[in-house]
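The values are calculated or read from the model by the stated rules, or taken from the named source; none is laboratory data. Since we're looking at a predicted model, the values are computed, not measured. Every residue, glycine among them, receives a Cβ derived from its backbone with ideal geometry; neighbour counts consider all protein chains shown. Areas reflect the complete protein model, heavy atoms only, side chains present, ligands, DNA and RNA absent. Shrake-Rupley method; radii C 1.70, N 1.55, O 1.52, S 1.80 Å.
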Amino acid sequence: MAIATVNPTTGETIKTFTPLTPEEIEAKITGAGRAFEEYKQIPFSQRSQWLGKAADILEAREKELATTMTIEMGKTLRSAGAEVQKCALVCRYYAENGVAFMEDAPSITDAAASFVRYQPLGIILAVMPWNFPLWQVFRFAAPALMAGNVGLLKHASNVPQCALAIEDILSKAGFPAGVFQTLLIGAPAVAPLMEDSRIKAATLTGSESAGISLAVAAAKQIKKTVLELGGSDPFIVLDSADIGKAVSTAVTARMLNNGQSCIGAKRFILHEAIADKFEASMIEKFKALKVGDPFDEATDIGPLATPSILQDIAAQVDKTVAMGGKIKFGGYKLDGPGNFYAPTILTDIPTGSPGQYEEFFGPVALLFRVPDISTAIALANDSPFGLGASAWTTKPEEIDRLVNEIEAGAVFINAMTKSDPRLPFGGTKRSGYGRELSKEGLYEFVNTKTVWIDSYH
Ligand code: NAP
């Protein structure tokens, strides 16, 4: 895939970039290694100040950064602005809490002193997706830099200007040269990087195939990886739920980011007592959604990020329908330039169809009906993925079962699934492993060193 800014609203190529040569990549890795030797000595308080400054810069440049995101991948300008603010939030979270997370953690044993010391690993490679072009990177970079690591970013090929802007922000915030660098390289250049002994670990957010490729290369060198992969999150609505609130939230949770969020609600599992009402209300709300120019304040849904994502979602819908699924709303590409797909509702999802087992990365809601909570949980878990889940009920015994029995990295009750710097984020099953955010995210890329001092003499 060419490294280029191609406006998904118009199809126009705005700017292309030449991938780095092997010599240029080598210079960046050398620079990162040199930077690490000094950066790991920098006091936590100084790292925290630089993160605070990065938050200030993000806030000051919100409009410009949001515009770049909207041009490169088509999210609405409004949601792009909110993403910039969230990046500032994660920088501030680690600026305020990172020092305490990194302090020695004493344990009481029969030694004179025993404690855990957290030490950075070195150069961490971050392979990131285009869907939240700033947020995905900052949620890696803020804890990694707080811990004393240095970062090399291989961003998705369709968001090069976002990638360069992030490097610029962290540099202007005061982080020394080499501490955070963007590598403009294609996907095939990633796996070979894992053979470089100077790169100590890697994190990847993206598709299963990309995750497998990176994890295999890292495993051959016994290097740590964190994988944040796809999801087909269930959104379970039981008969006691507040249906009005559940439907409104369902529409937001499905249409977030033009339908391209890993934790977007994708499979709506409805108790049969409320299914008709839920479906009718969802159709009404879908009808009211405005699809169009993401720069327009009134737009709810912009284009999909690339022509291939549009082809993929159209093919998944067509195949599910060919196998017996029913279209209740939408189900087609929109005419004209740009990668637009109509908000779509499918029901009667056939067993074994894409609608049952694949991730739908676009504005398509898949509706299922179940007779009871046990069937709802079984259907929710009958998926290769286990990222997030949202469930709606007012019965305490049902809440307990949902929390305990759903196989996912997060369960949200009577709310949509979201990420929050204060809480760990990640998946189970084929959604990946490891955690980002919170203190768990910071500890993914440190050496947790056990220290035992038997005596001081
Ligand atoms: P993708 O194709 O896997 O791309 C993600 C990143 O991986 C890009 O930088 C891409 O580079 C790179 N890449 C692709 N193939 C690779 C390979 N074989 N080896 C190394 N790197 C490779 O993902 P996508 O389809 O664009 O992104 C959407 C996916 O990400 C969805 O499945 C979504 O659910 C998932 N996602 C997960 C989370 C989470 O937190 N769990 C968050 C957001 C998105 P190029 O652009 O150069 O190909």
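A few notes on this one:
The rows are residues; the columns are (1) closer than 22 Å to Leu379 by Cβ; (2) among the polar types (S, T, N, Q).
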residue	(1), (2)
Thr249	yes, yes
Ala265	yes, no
Phe278	yes, no
Ala288	no, no
Asp312	no, no
Asp318	no, no
Phe340	no, no
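Table: residues versus (1) open to solvent by 20 Å² or more (accessible area, probe 1.4 Å); (2) within 10 Å of the ligand (Cβ to nearest atom); (3) in a loop (DSSP other than H, G, I, E, B); (4) aromatic (Phe, Trp, Tyr).
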residue	(1), (2), (3), (4)
Ile185	no, yes, yes, no
Ala189	yes, yes, no, no
Asp196	yes, no, yes, no
Ala210	yes, yes, no, no
Ala218	no, no, no, no
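- Qualifying residue in segment 155-167 (condition: surrounded by fewer than 22 Cβ atoms within 10 Å (Cβ to Cβ), without any contact (Cβ under 8 Å) to a residue 24 or more places away in the chain, within 22 Å of the chain's Cα centre (by Cα) and more than 8 Å from the ligand (Cβ to nearest atom)): yes
- Test: residue in segment 390-401 that is surrounded by fewer than 23 Cβ atoms within 10 Å (Cβ to Cβ) and touching a strand residue (DSSP E or B) at 6+ places or on another chain (Cβ under 6 Å): yes
- Scanning segment 316-346 for residues that are surrounded by 21 or more Cβ atoms within 10 Å (Cβ to Cβ) and not in a loop (DSSP other than H, G, I, E, B) yields Gln316, Val317, Thr320, Tyr341, Thr344, Ile345, Leu346.
- Residues that are open to solvent by less than 40 Å² (accessible area, probe 1.4 Å) and under 26 Å from the mean Cα position of the chain (by Cα) within segment 98-124 comprise Gly98, Phe101, Met102, Tyr118, Pro120, Gly122, Ile123, Ile124, listed in sequence order.
- Qualifying helices (runs of 4 or more DSSP H) (wholly inside segment 1-120; at least 1 residues being closer than 23 Å to Leu423 by Cα, at pLDDT 95 or above and touching a helix residue (DSSP H, G or I) at 6+ places or on another chain (Cβ under 9 Å)): 44-60, 77-102
- Count of residues meeting criterion [among the polar types (S, T, N, Q) and without any contact (Cβ under 8 Å) to a residue 60 or more places away in the chain] in segment 421-435: 1
- Of all residues making up segment 405-457, the number that are assigned to a loop (DSSP other than H, G, I, E, B), exposed (fewer than 15 other Cβ atoms within 10 Å of the Cβ) and touching a strand residue (DSSP E or B) at 6+ places or on another chain (Cβ under 7 Å): 1
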